[in-house]
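Structure, as structure tokens:
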Amino acid sequence: MKLFVLGGTGMIGSRIVAEALSRGHELTIGSRSPEVAVLDGVQSVKLDVSDTAALAAQAEAADVTITAVSPRSTGDAIAESNAYAEALIAGLGGNRVVIVGGAGSLNLPDGSPVADVVPEAYRAEAQGMRQAFEKIAASDLDFTVVAPAGLIEPGERTGKFRLGGRELMTDEAGNSRISAEDYAVALMDEVETPTHSREIFHAAY
């Protein structure tokens with residue numbers, strides 16, 4: 001499968017790239033700093049998500065586009081998240097996209113947004129990504145959003161985790177977490193075998 005990965009050099013994106021390569025896929029990585037993404041068997045191109053014409057060209061050449069971009073480059077996470085959503089809608093058209101979402105787009109058991117209760121330092125980003133999800137969900141984009149658990153960080157690839165819908169999953173101790181490596185497994189499983197078309201779901205231990 002030919003995959004175009006936007007943001008494939010970050011903490012989560014790099015794990016997705018590694019997982020995709022281990023499964024034998026053909027990858028092109030789009031990044032503002034493509035020299036960072038020099039890997040055997042991977043083509044790197046310079047691309048900013050706001051360049052919708054370039055985004056469209058890469059998406060047309062791929063079977064699936066994967067986006068792993070975080071709204072952390074301008075200091076205004078809410079505006080950046082909304083611009084990101086608008087760029088994906090404008091640039092991807094009818095091409096299939098699997099999006100790395102945020103746990104803030106999920107809901108607590110009572111239906112209230114996780115974005116409203118995350119620590120203050122991350123709240124704007126969480127709320128912005130939630131707004132981006134709502135904008136994408138209201139569009140005609142052929143999307144799937146894969147949200148991580150409440151805590152995602154580098155760790156072990158176990159291949160053992162649970163999948164849930166939009167309600168945040170926690171373990172017996174009330175923790176919601178997953179390694180970036182296992183998150184990449186869950187995302188690539190969805191890329192290869194789509195089961196959540198135009199939906200958001202998440203993976204957690």
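The values are calculated or read from the model by the stated rules, or taken from the named source; none is laboratory data. This structure is a prediction, so every number in the text was calculated from the model and none was measured. All Cβ positions, glycine included, derive from the backbone under ideal geometry; neighbour counts span all protein chains shown.
Quick notes on this one:
- Scanning the range 173-186 for residues that are under 20 Å from G111 (Cα atoms) and either hydrophobic (A, V, I, L, M, F, W, C) or assigned to a loop (DSSP other than H, G, I, E, B) (or both) yields G174, N175, S176.
- Residue count, the range 104-116 (criterion: of a type in the set (A, V, I, L, M) and either out of contact with any strand residue (DSSP E or B) (no Cβ under 8 Å at 6 or more places or on another chain) or exposed (fewer than 12 other Cβ atoms within 10 Å of the Cβ) (or both)): 1
- The residues of the range 1-36 that are in contact (Cβ under 8 Å) with a residue 24 or more places away in the chain, aliphatic (A, V, I, L, M) and under 16 Å from E192 (Cα atoms), listed by number, are M1, L3, V5, I16, V17, A18, A20, L27.
- Any chance R72 is within 17 Å of the chain's Cα centre (by Cα) and either surrounded by fewer than 17 Cβ atoms within 10 Å (Cβ to Cβ) or within 26 Å of A137 (Cβ to Cβ) (or both): yes
- Taking the conditions (1) in contact with a strand residue (DSSP E or B) (Cβ under 7 Å, 6 or more places away or on another chain); (2) within 22 Å of P154 (Cβ to Cβ); (3) among the small types (G, A, S); (4) modelled with pLDDT under 95 in turn, G30 satisfies each one other than (2).
- Residues satisfying the stated conditions in the range 22-51, i.e. of a type in the set (S, T, N, Q) and either in contact with a Phe, Trp or Tyr (Cβ under 9 Å, 6 or more places away or on another chain) or surrounded by fewer than 17 Cβ atoms within 10 Å (Cβ to Cβ) (or both): S22, T28, S33, Q43, S50
- Criterion applied to G159, G128, G165 was being on the phi > 0 side of the Ramachandran plot and touching a residue at least 12 places away in the same chain (Cβ under 8 Å), and the one residue passing it is G159.
- Yes/no for V146 being loosely packed, with under 14 Cβ neighbours inside 10 Å and among the hydrophobic types (A, V, I, L, M, F, W, C): no
- Here E86 meets the list (1) more than 14 Å from the chain's Cα centre (by Cα); (2) assigned to a loop (DSSP other than H, G, I, E, B); (3) over 24 Å from E192 (Cβ atoms) almost entirely, failing just condition (2).
- Among the residues listed as D116, D189, the single one being among the acidic types (D, E) and farther than 26 Å from A18 by Cα: D116
- Exclusive hit being within 15 Å of the chain's Cα centre (by Cα) and among the aromatic types (F, W, Y), set F201, F161: F201
- Screening the range 139-172 for residues that are of a type in the set (A, V, I, L, M, F, W, C) and in a strand (DSSP E or B) and picking the one that is nearest to A103 (Cα to Cα) gives A147.
- Looking only at the range 89-105, and only at residues there that are over 21 Å from M11 (Cα atoms) and not small (G, A, S), the one that is nearest to the chain's Cα centre (by Cα): R96
- Of residues in the range 117-143 being basic (K, R) and surrounded by fewer than 23 Cβ atoms within 10 Å (Cβ to Cβ), the one modelled with the lowest pLDDT: R123
- Residue under evaluation I136, criteria (1) in a loop (DSSP other than H, G, I, E, B); (2) in contact with a Phe, Trp or Tyr (Cβ under 8 Å, 6 or more places away or on another chain); (3) of a type outside the set (S, T, N, Q), criterion not met: (1)
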